[in-house]
Structures are given as structure tokens and as C-alpha cells.
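Notes to accompany the following structure.
The values are calculated or read from the model by the stated rules, or taken from the named source; none is laboratory data. Just so you know, these numbers come straight off a predicted model, no measurement behind them. Heads up, the Cβs are rebuilt from the backbone with ideal geometry, glycines too, and the neighbour counts pull from every protein chain shown. Calculation scope for accessible area: heavy atoms of the full protein, side chains included, ligands and nucleic acids excluded. Shrake-Rupley method; radii C 1.70, N 1.55, O 1.52, S 1.80 Å.
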Amino acid sequence: MTLRPRPWLDALEPYVPGQAAPLVEGSMASNESPLPVDPALLEAIQQAARTIRRYPDPLADEVRRELALLHGLSPDQILVGNGSDELIYLLGWAYLAGGGSVVCADPAYRMNTVISTIVNAHIIQVPLHDWHHDLAAMAQVEADIAFVVNPHNPTGTLHSRKALVRFVESSPAKLVVVDEAYIDFCDDPEGTTAVGLTGSGRVAVLRTFSKAHGLAGLRIGYLLASPEIIRTLRTIRPPFSVSSLAQAAAVASLRDRARFDEMRGYVRAHRAALSELLAAHGFSVVPSQSNFVLAEVPAADRLIEHLRLNGVAVRSGASLGVPGTVRVSVPSQAGLELITAALTTWDARTPATSDPA
Ligand SMILES: Cc1ncc(COP(=O)(O)O)c(C=O)c1O
């Protein structure tokens, strides 16, 4: 007898990552940092490399100590994971497997629906309203977990803390998971974050070092939640999923506030320039509070091909559940010049150079 995967897994396709461009500056498909790696971070990673014959600290105590100071929480409210994606999986395994239910936006951040499908949970997706989560409609849905991505990916739109509080109070969901992967790029992260709501035990917040800390390749993120939730996830997690190099880089990054602020300022300034550039070409730009911009474009596939031929990789909105759009990550200054040049030769009426006649 052949062993077959569980039949509900037939609904899943393998993940297709955003494409890279020939020059790193042209890569605008995966919402990565536009700045080069800081030498001080490289040094911290090199130091940590001396210890790689030993297992890493399973609980990432030093990282949690820094995070506890940063967020004014106790270390037992923090779990560090192999990217926030691992933490999304842990939440699914612990709270959704065996008949759980989820409410999330449509389109959702992909990992929310992937883990829910893996554990065969019941998924209710609520269409966006004016590019935002329709929190009022989501609050009508009974679910074990409500996923809210704030700012959302792929739209870059943000809900205020007031709107989140109203949602948490009115939603019947047993746990509201607020994914704040991009919160550092919004106008007022302190005034918007849901971290202050985690004490109730009904809210958990996801953060990552992949975006504003520029450590996507090292895979490290964290969850802020009640000590009960953290304890539960600790019992099911693989103990050594976060490498010693990732832990060392995260600590060094958390201690360098000036570099973090520089990254934040850089992305916000270049986001404005990118949005203006796209609008100047007649595209309708969704106002973004993130490190990417979603734009409605005619002939999206041909625009993507035209940009690719000119050294710029962007993400097709169709692959993210928003057809007729492209998602462009905020680039470096050199990247901005590349895409500016590429767009000067774009004409929606003419085929891309490589199109068959
Ligand atoms: C909304 C959202 N959450 C989580 C992640 C994953 O972050 P990590 O690299 O920490 O796994 C991403 C990555 O793009 C994201 O867009």
C-alpha cells in the first residue's frame, strides 16, 4: 500500500518566492531591507560563529531579555522562533489542529491559510473593504483564531489601535493574533501596536527581525502573548530552531537603536518617493504604511515583464490574491533610479520587448 498525504493537503501548492533581479538593488519582490548589512552586525555574527559546534540557547534568553526591556513585558511573555512563520505554525498546531476554526482577510497573509489548511481547520476568509481588513464583518465570525495583519500584506494598509481594540472587544474569536511584521514602518508604531493588549490573554502579537532589522536571511521572529500561550508553544516547538548566529545578530540589532531608526527613516522617505513615481505614471497607489507599495496597473503582467527586462523584479498582485496590481518593495536610492529609468520606457499600449509579435 502506498502512503498518501492527507487528502486536505491537495489544496496546497508549493510556495513560489518573489524573483530576485540581476542586481540586488533591482530586487523589489520580497519586502526585504534596502540597506546593506551593517559591519557591526557582521562582527556580531562572526563572533557567534566561533560557537557553532555547540547547540544554540533553546530559549534565546539574551534576545528575550532585550525584548522584555523594549516592550515592557516579562521574558515569560516572549517566544523567539525561526522567523515569525514558525510561530504562526506553532499557533496552528497548538490551537487549530483537530477541528479548529480561523477567520482572516481575503487575501490573507499566505502562512495563515497554509497552516490552517495543514491542520485541516475550518477557514473563513472575509474580503477586504477599501483595501483594509473588514474588521466589522470579521467580528461577526465565530472562530478559535482571528488573524489580523497590521499593516496588511499585500496592501500596506493599517488599522488604528482604537479599531483593533473595538475588534477585540466585539469579536467572538478566542484568540486575536495581530501580525505586526511591518509595524515599524508606520507613522506611529508606539501608538498603533497591539502589544499593550497582550496582557488580557486574548491577544497575541507577532513581530519579525526580517524587515526593519534587515535579518531576513537569518530567520528570527518573536511572539508576545500570555505566559500560558508561551508555555504551551514551548512544549511543542523544536527546541533548537533559532540558530546562535540569528540570536547574536538580533541582540546586536536591538542594541543599535540609531541604525534601526535610520532604516525606518530611509524606508519611509523612499516609500514616499516610490509612491510618487508610480502615481506620476498614472497608476493608482494604495496608501502604504509598510515597506512596500501596492499599485493598480493596467496590463500588470506586461508591466512586470517590462520591468524584469529592465533589471527590476516586482511581485505580481495576482499571485497574492489581488489581480490587476503589482506590489513593489521600497528600494534603495540606486533601486529607485533603476525603476525610474525602467518606467520612462513603459507604455501600456506597446508589448514588452520580448513579447511575441
Ligand atoms: C505579514 C507577514 N508576516 C510574517 C512574515 C514572515 O516573517 P519571517 O521572515 O519572520 O518569517 C511576513 C514575510 O513577508 C509577512 O509578510
About its Cα centre, what dipole magnitude does the range 39-255 give when the only charges are +1 on Lys and Arg Cβ and -1 on Asp and Glu Cβ, stated in debye to the nearest 20? 640
Angle check, please: helix 83-95 long axis (alpha carbons) against the longest principal axis of the chain (alpha carbons), in degrees 0 to 90, nearest 10. 50
When only DSSP loop residues count, what trypsin sites (Lys or Arg not before Pro) in the range 237-286 have their Cβ near at most 14 other Cβ atoms within 10 Å? Arg255
Out of the trypsin sites (Lys or Arg not before Pro) in the range 83-164, which ones are loop residues according to DSSP with at most 14 other C-beta atoms within 10 Å? none
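Which FRET efficiency value, to the nearest 0.05, do you get for Arg231 and Leu3 by plugging their Cβ-Cβ distance into 1/(1 + (r/R0)^6) with R0 = 41 Å? Working shown, then result.
On the way: r = 34 Å, r/R0 = 0.83.
Computed FRET efficiency for Arg231 and Leu3 comes out at 0.75.
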On Cα atoms only, tilt of 161-170 relative to the major axis of the chain in degrees: 50
Going by Cα centres, the range 192-260 and the range 92-133 are how many Å apart? 21
Please report the antiparallel percentage of the DSSP beta bridges confined to the chain, to the nearest 5. 50
Counting only DSSP beta bridges with both residues in the range 171-318, what percent are antiparallel, rounded to the nearest 5? 60
Between the Cα axis of helix 227-236 and the main Cα principal axis of the chain, the angle (0 to 90°, nearest 10) is 80
Could you work out, for the range 121-180, what percent of all Cα-Cα pairs fall into each 5 Å distance bin, beginning at 0 Å and stopping at the bin that holds the largest distance? 4, 19, 33, 28, 14, 2
Over the chain, average the accessible area per residue using a 1.4 Å probe and give it in Å², no decimals. 46
Could you grab the relative contact order for the chain? Cα pairs under 8 Å, six or more apart, rounded to a whole percent. 23
Within the accessible area of the range 39-255 (1.4 Å probe), percent carbon and sulfur: 52
Between Asp188 and Ala216, what is the FRET efficiency for a Förster distance of 22 Å, r being their Cβ-Cβ separation, to the nearest 0.05? 0.35
Ranked output for segments 231-240, 32-41 by mean other Cβ atoms within 10 Å, highest leading, reads 32-41, 231-240
Given a cut-off of 25 Å, what percent of all Cα-Cα pairs of the chain lie beyond it? 55
If I ignore ligands, DNA and RNA and count only protein heavy atoms, how much of Glu13 is accessible to a 1.4 Å probe, in Å² to the nearest 10? 130
Provide the gained length on full extension for the span His129 to Asp301, in nm with one decimal, where the gain is 0.36 nm per separating residue minus the Cα-Cα distance. 59.5 nm
Could you calculate the contour length gain from Tyr55 to Val165, that is, 0.36 nm times the residue separation minus the distance between their Cα atoms, to one decimal place in nm? 35.5 nm
If you find the alpha carbon centre of the range 285-342 and of the range 15-90, how far apart are they in angstrom? 26
By the mean-Cβ-within-10 Å protection proxy, highest first, 339-346, 198-205 rank as 198-205, 339-346
Helical contribution to [θ] at 222 nm, DSSP H n ≥ 4, -39,500 (n - 2.57), averaged over the chain, rounded to 500: -11000 deg cm²/dmol
